[in-house]
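A.B. asks: One structure is given below, represented as C-alpha cells, and several questions about it will come after.
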C-alpha cells in the first residue's frame, strides 16, 4: 500500500470518528439547558374525547343475501314468460306460465267426484227423510203386487200344462218372470229395511275412504294447475332466465330445477375468514364496515349475521367464516366483488384518545412526550385501552386537552432509540413493524 493511500484512509477514518463523536455529544446534551424546547421538536396534538372502536379486518367476497333458483313440480310447456332479466319482482309475482291442459281436465273430474261422494256420505249420515221412506214403501208394494200376480199366473199355467193346455215354452217364460219379480221384491225389501234401520258403519267407512281419496286427487290436481303459474318466492331481482317460450319442462331435469334465478340485491352478504383468535369477541349483530376494492372511496355499514361453527385450516392457520349483511339501496354493490370487511370487536364512546403516532411502547409500558419544566420535553408514562387503526384510548396519565408531541421523541428516549423503543403508529427506530 503506497503512502498516499494510507493518508487517505486515515483522513477518512478521522472524519467518520469526528461525525460520530459530534452526534453522540449532541444526543447527550438534549437533557442540558440548551436542549430544544418542546414545541420545536415537532407537531403538537391534544388528548381529546371521542368514540373509539377496536376492529379486525379481512378480505372477503360479496354475494346477494338471498339467491333462489326457480324450479317447478309440474311437467308442461312454457306458455309465456312474464319478466325480463333485471326486473325487480315482489314475492308471489308471476314469472312465467306453463301449459298443463291434462291437469286441468283432471281437476274438473276430481271436483265432480268429490261433490258426488260428499252427497252420498251426507245421505248415509243423515238417514232417510219421509219422502224417501214413502218412495221405498211404494216400490216395495209395487214389487209385492207384481210378484203375487206373476206367481198366480205361473200356478195357473202349471195346471194348464198338466192338461197340455199351454206350450212348455209359455210355462218356462212364466217361471222366469216369477223368479225375476221375486228378486225385485227381495231388493225392494232390503232397500226398505236399510232405510228404516239406517246406514251400517261399514258402509259409511267405505264412502268416507272413497271421499278421502277423491279429495286427495283434487288437491293434487289443484296444486298442479296452480303450479302452472310460476311465482317469485321472494322480493328481489331477476338475474337469470334459463328457459324460452315453447320449452318442454320436466321437473326432474336440470332445466326444470333452474328455470330462472331471483336474488335479493337490496341486502348483500360479505363472507370473510377471521382468525380463530378474534372469533370469541365477535357476535351476531355487531357492526361491520365493508369497503369494496372497486369502490375504495365508499364505506358501507352493516352487521354480522352469522359465524361458522367449524373452522378451516389453511397454512396451519385456523379461520372461521363470518358473514355480514349490508344494505344496498342504491345498487352499487354487486355479487362477486372483493371487499375489505372491518368487524368491530369492542367500542367505547366519549373516551380520551390520542393518535397512535403520539404514543410509544417502552420496556416500562406506554409513554408520550409531554411538556416538562421550563418548556423542555419529558417522557410521561400513560395507561391505555382500546386502539383503532389511527387512535388509542388513554385510561390514565393524561387529562383532556393535555398536549403531547404528535411524533413521540423525548430527551430521555433519543439516546435509547437503538434499545428497542417502538412507535405505535409507524416503524420502530430499530426497523421493526408497527402494531
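A.B. asks: Which pairs turn up if I take residues in the stretch 100-128 that are on the phi > 0 side of the Ramachandran plot and look for partners that are outside any helix (DSSP H, G or I) and modelled with pLDDT under 95 with beta carbon separation below 6 Å, at least 6 apart in sequence or on another chain?
C.D. replies: Close Cβ pairs satisfying both conditions: 127/198.
A.B. asks: Taking interchain pairs and intrachain pairs at least six residues apart, which have beta carbon atoms under 7 angstrom, with the first residue in the stretch 181-204 and farther than 19 Å from residue 146 by Cα and the second part of a helix (DSSP H, G or I)?
C.D. replies: Hits for this filter: 195/132; 195/133; 195/136; 199/124; 203/124; 204/124; 204/125.
A.B. asks: Filter the stretch 145-176 for residues that are under 30 Å from residue 196 (Cβ atoms) and touching a helix residue (DSSP H, G or I) at 6+ places or on another chain (Cβ under 6 Å) and give the result.
C.D. replies: 146, 147, 150, 151
A.B. asks: Return the residues of the stretch 238-264 that are under 16 Å from the mean Cα position of the chain (by Cα) and surrounded by fewer than 19 Cβ atoms within 10 Å (Cβ to Cβ); say none if nothing qualifies.
C.D. replies: Those that are under 16 Å from the mean Cα position of the chain (by Cα) and surrounded by fewer than 19 Cβ atoms within 10 Å (Cβ to Cβ): 261, 264.
A.B. asks: When the residues of the stretch 40-68 are filtered to those that are surrounded by 18 or more Cβ atoms within 10 Å (Cβ to Cβ) and closer than 30 Å to residue 91 by Cα, which remaining residue is modelled with the lowest pLDDT?
C.D. replies: Among those residues, the one meeting the criterion is 65.
A.B. asks: For the stretch 180-214: of the residues being under 55 Å from the mean Cα position of the chain (by Cα) and surrounded by 17 or more Cβ atoms within 10 Å (Cβ to Cβ), which is nearest to residue 109 (Cα to Cα)?
C.D. replies: 214
A.B. asks: Which numbered condition trips up residue 219, out of (1) modelled with pLDDT of 95 or more; (2) touching a helix residue (DSSP H, G or I) at 6+ places or on another chain (Cβ under 6 Å)?
C.D. replies: (2)
A.B. asks: Considering each of 363, 377 in turn, give the residue that is over 50 Å from the mean Cα position of the chain (by Cα), at pLDDT below 90 and more than 29 Å from residue 342 (Cβ to Cβ).
C.D. replies: 377
A.B. asks: Also: Here are some residues: 340, 357, 330. Which one is under 18 Å from residue 64 (Cα atoms) and modelled with pLDDT under 95?
C.D. replies: Criteria check complete, one pass: 330.
A.B. asks: Could you tell me whether any residue of the stretch 289-298 is at negative phi and in contact with a helix residue (DSSP H, G or I) (Cβ under 7 Å, 6 or more places away or on another chain)?
C.D. replies: no
A.B. asks: Of these, 23, 35, which one is modelled with pLDDT under 90, outside any strand (DSSP E or B), surrounded by 14 or more Cβ atoms within 10 Å (Cβ to Cβ) and at negative phi?
C.D. replies: 35
A.B. asks: Checking residue 218 against (1) exposed (fewer than 14 other Cβ atoms within 10 Å of the Cβ); (2) closer than 30 Å to residue 111 by Cβ, which test does it fail?
C.D. replies: (1)
The values are calculated or read from the model by the stated rules, or taken from the named source; none is laboratory data. Since we're looking at a predicted model, the values are computed, not measured. Glycine also receives a Cβ, built like all others from the backbone with ideal geometry; neighbour counts cover every protein chain displayed.
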